[in-house]
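Presented below is the structure to which this report refers.
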Amino acid sequence: MRAIRGATTISKDCAEEIRSSVGELLCEMRDANNLCVGQILCILFSNTSDIVSFYPAKAAREAGFSDCALYSSAEPEILGALPLCIRVMILAEGDGPVRHVYLRGAAGLRKDLRRYAVALDGPSGSGKSTVAKLLSKELGVLYLDTGAMYRACALKALSEHCDFTEQSVEKLCSSLDIKVKYEQGAQHTFLDGEDVSDEIRRNEVSMAASKISAFRCIREKMVEMQRRIAGEQTCILDGRDIGTAVLPNAEFKFYITADAAVRAERRYKELLAKGESVDLEKLREEIEARDKNDSTREFSPLRKADDAVLIDTSGLTIEEVVALIKKKIQEAV
Ligand code: DC
């Protein structure tokens, strides 16, 4: 059994307003929780005492929620309470995650439930994925590493000895099976059912990912998955095209960058720590080549969205960048 809460407001006390607000609220609650009408056992309403013209329960029946028990009651007058407010509780069969829904003026009552998306774009090695991971922990929201998805495509291409021509990438595209799952808050990327989260971090996969991500069929497939995941919950996405193409309406957009030399140095240390021996100068060349690939490709090139906040991390610590972004988000939600 699930108990789902919701609330909404009306702008004036009249039957029409009550009908439309209640209908909208119940439909949103039903859809957000994947309920079918038969699962709803009862709907309980309470409304502030300034609403007297029509029963919310009657509005629910008129909106098609008529096969369950409906009940309305008036709330006591509470000093400072949000006026003209209708609250609801749906008791429904079944289990699974519960999504409470607060609309119109009532959205401000539960700011913690407000859904939003954070787009973090920028070139390779700018620190955006480290920032995104820390930020997701601090804010308690999901992090989707979109680069990992392109990396998984690249791994498939490498293992199939793909020559990166349009024809062979299209063939590859039709058999691509990429999934993203979360275990203890960490993203795991699966290719053909196998967890490839570590393998895709290999240096040779980086360059291949940059190449393969330029193909339209690959981008369309990945973007569709990314939008679906981001549409289901508050989410931080990092990538190259999140603010410009994947989620152009994201509530928060940041473009994170740093000097190529600083980025190469960071990557060098990261690979050394993993026991991979690499040449710093070669790394820098590779980073510059990926920048060029990513920013000059035809489809969704790496570009700062006009409304993204630019953050140059060359002289900043990761903690400073996280604090800066977190402050901007928390000021607004
Ligand atoms: O962020 P990363 O280094 O893991 O990304 C690997 C490659 O994938 C990168 O060179 C460009 C591509 N990519 C992309 O084109 N669009 C994204 N949203 C994310 C990554």
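Structure data summary
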item	result
Subset of region 296-333 that is among the small types (G, A, S) and modelled with pLDDT of 95 or more - its residue that is surrounded by the most Cβ atoms within 10 Å (Cβ to Cβ)	A308
Identity of the residue in region 221-250, part of a helix (DSSP H, G or I) and acidic (D, E), that ends up surrounded by the fewest Cβ atoms within 10 Å (Cβ to Cβ)	E224
Filter result for E298 (within 14 Å of the ligand (Cβ to nearest atom) and either touching a residue at least 24 places away in the same chain (Cβ under 8 Å) or not β-branched (V, I, T) (or both))	yes
Identity of the residue in region 40-66, part of a strand (DSSP E or B) and touching a Cys at 6+ places or on another chain (Cβ under 8 Å), that ends up surrounded by the fewest Cβ atoms within 10 Å (Cβ to Cβ)	C42
Every residue from region 193-206 that is surrounded by fewer than 18 Cβ atoms within 10 Å (Cβ to Cβ), over 22 Å from the mean Cα position of the chain (by Cα) and either under 16 Å from V180 (Cβ atoms) or within 8 Å of the ligand (Cβ to nearest atom) (or both)	G193, E194, D198, E199, R201
Residue match in region 93-108 (condition: part of a strand (DSSP E or B), more than 30 Å from L324 (Cβ to Cβ) and in contact (Cβ under 8 Å) with a residue 12 or more places away in the chain)	yes
Those residues of region 77-122 which are closer than 19 Å to S136 by Cα and of a type outside the set (D, E), in sequence order	K111, L113, R114, R115, Y116, A117, V118, A119, L120, G122
Total residues in region 134-153, condition within 23 Å of I218 (Cβ to Cβ) and among the basic types (K, R)	1
Residue in region 268-288 that is within 16 Å of the ligand (Cβ to nearest atom), in contact with a Gly (Cβ under 8 Å, 6 or more places away or on another chain) and not in a helix (DSSP H, G or I) present	no
Qualifying positions in region 1-27 - over 15 Å from V88 (Cα atoms) and in contact (Cβ under 8 Å) with a residue 12 or more places away in the chain	M1, S11, K12, D13, C14, A15
Residues located in region 67-87, provided they are surrounded by fewer than 16 Cβ atoms within 10 Å (Cβ to Cβ), in contact (Cβ under 8 Å) with a residue 60 or more places away in the chain and under 22 Å from A3 (Cβ atoms)	L82
I229 being within 12 Å of the chain's Cα centre (by Cα) and either modelled with pLDDT of 95 or more or over 15 Å from A148 (Cβ atoms) (or both)	no
Within region 3-39, tally of residues that are surrounded by fewer than 18 Cβ atoms within 10 Å (Cβ to Cβ), in contact with a helix residue (DSSP H, G or I) (Cβ under 9 Å, 6 or more places away or on another chain) and among the charged types (D, E, K, R)	2
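The values are calculated or read from the model by the stated rules, or taken from the named source; none is laboratory data. Not measured: the values here are computed from a predicted model. Quick reminder, even Gly has a Cβ in these numbers, built from the backbone with ideal geometry, and neighbours come from all protein chains shown.
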